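Here the structure is laid out as structure tokens; the discussion comes afterwards.
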Amino acid sequence: MNERNERIHGVACIFRKVPDVFHAAEKVRDAGWKNWDVHTPFPIHGMDQAMGLPRSPVPRLTLLGGVTGFITGCLLTWYMNSYDYPLIVGGKPYWSVIFPFPVIYECTILLAAFGTFFGQFIFNRLPRHNHPLFDLPNFARISDDTFMIVLEARDPQFHLDESRNFLQSLGGQEITVIRD
Amino acid sequence: MSSSSPHALTAHWKKFLALGVAALAVVWVFAYIGVGHHENRQALSVLVGSLFWVSVLIGMLLLTMITRVFDAGWAPLVRRNWELLIEALPVVLLIGVVPLAFLPEFRHALWDWTDPAHVLAGGHTVGHDPILQAKSWFLNEPFFLVRIGLYVLVFGVLVTLLRRWSFAQDTDRTAGHTHRLHAVSAVGIPISAVALTMLAFDCLMALSYHWFSTMYGVWFFALSIRLALAVTVILTYKLSNGGWLDGLLNQAHRHVLGCLMLAFTVFWAYISFSQYFLIYTANIPEETFWYNIREIDAATGLKSEWWSVSMYLIFGFFFLPFLSLLFYRTKIIADRLLTVAWIILIGGIVDLWFNAIPRQVYDKSTPEGFVVTPFLTSSLLLDLAAIIGFGGIVFAIFLRGAAKHETIPVHDPRILESINYHE
């Protein structure tokens, strides 16, 4: 990477039709690109596979949150009802898994939801207040009637001229260099 | 896909019929001899066997109507198999539950409350039971028989309507049938909900008529959908390996069925636990005895074999399928989903056993005045024979229907969406 590249975010091009951007995405995927993205005004079914995206890692944090919540709920009810201030309620044991189950269950749900909610923030790298793409003059159009592919400079395959030509060979129009 | 050449599989319907008739003949003979010797366990096999399939088929009936009401895009491909199967629902009721209810010897043997001379735990008879007298506005024989007749009628009519217009669409290509089925389903869902709740009350809950649970109908619903989905997964697996779904059933269909299996596994656990939890918390003897006889050996005070059955339900019928289905790959890899479906199917049989078999039998030699029906007896084999017997009839009807009708709803407005369904 040369010094000029460090100030460049990537190159972008636009497409006017869904099949065009779809097949272009497949070619970028097959060329082995890792740091790139497709921007569309609406979800395109099958785009995940066309881009070669893996499954979201968020469910792992959901599971982690759920397990943590379950253990927290057990410890919470055991500590309060059976250890810190042992109390007989309705002739039930100080602690069993049955009577405090609503508490344990709710803790499981709560922390699983936290895992999901904050997990997507982490994996989406949010909050993020600005992005170099926002400076593109035609960027607003990808929420209307155009589709955009962006090849990012941090990808090891990135080389300004070659990437430009690559986008051109895919049929991309209005190829633009995005500066950081 | 053409109607002129039915699939080779359908030729096997006679084998299923022969298997079904043979197994049911054996089970009914055992039940008849048992009842003659004042034994009801063999008659209970007929009830468990028929209720297993009633539950599967009610689940499929509901799934048919629910996917109609919501216009589910993935459903038509799978739904046609439900439509072919549910023809058997009134038949299973007519050769299982109906004779048990309408033949007095079987009725008296199975449902204690219908026999005034029956001696209850504690030594008094049903005829002198104040609890039954208070419940007699509902638990009286004429009304009971009318209700059993109504279940056959209600489910029979719904099954007929749902099938008729769906098959009519195959030949006359009219989209209006879809709207008509939409309306039938919207009306049919609440009617089925009431009917299946009452059916669960009459056939299962009334086996221990002192006991009551308002969640019982919902439990039966959850079990029905779980069993229906398990049978659907097993059947569609078979049909996509050399049947009419070959090359049509894809990963996304399995994912949907897997997600539904996960959802209803959780729902079943929620309902079953809530029922237990409320009774445990309230601690009222007329409710707790139902769980006590399923946990504790009254004579010794130790855990009985029914306790092991309860534990199997918690770990084998909830945690095992639940934790497996949490993983995306379990839901899309055909062999893994098939394994989970079998686990659910086996768990469903154990759950029916848990609900149907244990009851207090009068025995004055014990200090408590009763013994609990044991779990591990040779009659479990008779239960399995009954399940196989009714299953033979169900699949004979299914395959004969598949030979007569399209096995793919070729003119369903959403059939292309269903075939091309993706995640």
Has segment B:289-312 got any residue that is β-branched (Val, Ile, Thr) and within 14 Å of chain A (Cβ to nearest Cβ)? no
For A:Val97, indicate whether it is out of contact with any Cys (no Cβ under 6 Å at 6 or more places or on another chain), closer than 21 Å to B:Leu323 by Cβ, at pLDDT below 95 and among the aliphatic types (A, V, I, L, M). yes
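Hey, among the residues in segment A:24-61 that are away from every other protein chain (no Cβ under 14 Å) and under 22 Å from B:Tyr421 (Cβ atoms), which one's surrounded by the most Cβ atoms within 10 Å (Cβ to Cβ)?
Step one: of segment A:24-61, the residues away from every other protein chain (no Cβ under 14 Å) are A:24-42, A:51-52.
Subsequent filtering for residues that are under 22 Å from B:Tyr421 (Cβ atoms) retains A:25-26, A:40, A:42, A:51-52.
Working: A:Ala25: 26, A:Glu26: 17, A:Thr40: 18, A:Phe42: 7, A:Met51: 18, A:Gly52: 14.
Here the answer is A:Ala25.
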B:Phe102 fails exactly one of the following numbered conditions: (1) buried (at least 16 other Cβ atoms within 10 Å of the Cβ); (2) over 30 Å from B:Ala299 (Cβ atoms); (3) not hydroxyl-bearing (Ser, Thr, Tyr). What is the number of that condition? (1)
Condition first: over 30 Å from B:Asp363 (Cβ atoms) and among the acidic types (Asp, Glu). Can you find one or more residues in segment B:93-110 that meet it? no
Find the residue count for segment B:319-345, including only residues that are assigned to a helix (DSSP H, G or I), within 14 Å of another protein chain (Cβ to nearest Cβ) and over 14 Å from B:Leu249 (Cα atoms). 8
Taking segment A:28-70 and keeping residues among the hydrophobic types (A, V, I, L, M, F, W, C), more than 30 Å from A:Val150 (Cβ to Cβ) and in contact with a Ser or Thr (Cβ under 9 Å, 6 or more places away or on another chain) leaves A:Val67, A:Phe70
Is there a residue in segment A:153-164 that is surrounded by 15 or more Cβ atoms within 10 Å (Cβ to Cβ), among the aromatic types (Phe, Trp, Tyr), within 14 Å of chain B (Cβ to nearest Cβ) and assigned to a loop (DSSP other than H, G, I, E, B)? no
Against the definition (under 30 Å from B:Arg80 (Cα atoms), at pLDDT 95 or above and surrounded by fewer than 13 Cβ atoms within 10 Å (Cβ to Cβ)), how does B:Ala186 come out, yes or no? yes
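Would you please name the residue that is surrounded by the fewest Cβ atoms within 10 Å (Cβ to Cβ), looking only at residues in segment A:94-106 that are part of a loop (DSSP other than H, G, I, E, B) and away from chain B (no Cβ under 11 Å)? Step through it out loud before you land on a result.
Looking only at segment A:94-106, we keep the residues that are part of a loop (DSSP other than H, G, I, E, B), and these are A:94-100.
Okay, now just the ones that are also away from chain B (no Cβ under 11 Å), so A:94-95.
Numbers: A:Tyr94: 15, A:Trp95: 17.
The residue in question is A:Tyr94.
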Pairs, first on the phi > 0 side of the Ramachandran plot and assigned to a helix (DSSP H, G or I) in segment B:61-82, second surrounded by 24 or more Cβ atoms within 10 Å (Cβ to Cβ) and among the charged types (D, E, K, R), C-beta under 7 Å, six or more apart: none
Across segment B:338-393, what is the total count of residues that are within 23 Å of B:Gly96 (Cβ to Cβ) and among the polar types (S, T, N, Q)? 5
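Restricting attention to segment B:408-423, and to residues there that are among the β-branched types (Val, Ile, Thr) and assigned to a loop (DSSP other than H, G, I, E, B), which single residue is surrounded by the most Cβ atoms within 10 Å (Cβ to Cβ)? Show your work before the answer.
So in segment B:408-423, the residues among the β-branched types (Val, Ile, Thr) come out as B:408, B:410, B:415, B:419.
Next cut, assigned to a loop (DSSP other than H, G, I, E, B) only: B:408, B:410.
Working: B:Ile408: 19, B:Val410: 16.
In this case the residue turns out to be B:Ile408.
Tell me the residue from A:Ile109, A:Ile88, A:Ile142 that is within 30 Å of B:Leu323 (Cβ to Cβ) and either within 14 Å of chain B (Cβ to nearest Cβ) or assigned to a helix (DSSP H, G or I) (or both), please. Write out each step before concluding.
Numbers: A:Ile88 fails: within 30 Å of B:Leu323 (Cβ to Cβ); A:Ile142 fails: within 30 Å of B:Leu323 (Cβ to Cβ).
Result of the check over A:Ile109, A:Ile88, A:Ile142: A:Ile109.
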Is it the case that segment B:191-209 has a residue that's on the phi < 0 side of the Ramachandran plot, in contact (Cβ under 8 Å) with a residue 24 or more places away in the chain and outside any helix (DSSP H, G or I)? yes
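Considering only segment B:30-40, I want to know if a residue exists there that is within 22 Å of the chain's Cα centre (by Cα) and either assigned to a helix (DSSP H, G or I) or surrounded by fewer than 13 Cβ atoms within 10 Å (Cβ to Cβ) (or both). Can you show your working first?
Filtering segment B:30-40 for residues within 22 Å of the chain's Cα centre (by Cα) gives B:31, B:40.
If we keep only those that are either assigned to a helix (DSSP H, G or I) or surrounded by fewer than 13 Cβ atoms within 10 Å (Cβ to Cβ) (or both) too, we end up with B:31.
Yes, that holds for at least one residue.
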Just the residues that are part of a helix (DSSP H, G or I) and away from chain A (no Cβ under 14 Å), please, taken from segment B:234-257. B:Ile234, B:Leu235, B:Thr236, B:Tyr237, B:Lys238, B:Leu239, B:His253, B:Arg254, B:Val256, B:Leu257
Here the qualifying pairs (Cβ atoms under 6 Å; residues six or more apart or on different chains; first in segment B:330-345 and charged (D, E, K, R); second crowded, with 17+ Cβ neighbours inside 10 Å) come out as B:Lys331/B:His255; B:Lys331/B:Gly258; B:Arg336/B:Thr330
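Just to be sure I understand, how many residues within segment B:274-286 are within 12 Å of chain A (Cβ to nearest Cβ) and either of a type outside the set (A, V, I, L, M, F, W, C) or closer than 15 Å to B:Phe221 by Cα (or both)? Before you say what the answer is, go through the steps one by one.
From segment B:274-286, those within 12 Å of chain A (Cβ to nearest Cβ) are B:274, B:276-284; that's our starting set.
This time we only want the ones that are either of a type outside the set (A, V, I, L, M, F, W, C) or closer than 15 Å to B:Phe221 by Cα (or both), so: B:274, B:276, B:280-281, B:283.
Summing the residues that are within 12 Å of chain A (Cβ to nearest Cβ) and either of a type outside the set (A, V, I, L, M, F, W, C) or closer than 15 Å to B:Phe221 by Cα (or both) in segment B:274-286 gives 5.
The values are calculated or read from the model by the stated rules, or taken from the named source; none is laboratory data. Remember, it's a predicted structure, so these values are computed and weren't measured experimentally. Methodologically, a virtual Cβ is constructed for each residue, glycine included, from the backbone with ideal geometry; neighbour enumeration extends over all protein chains shown.
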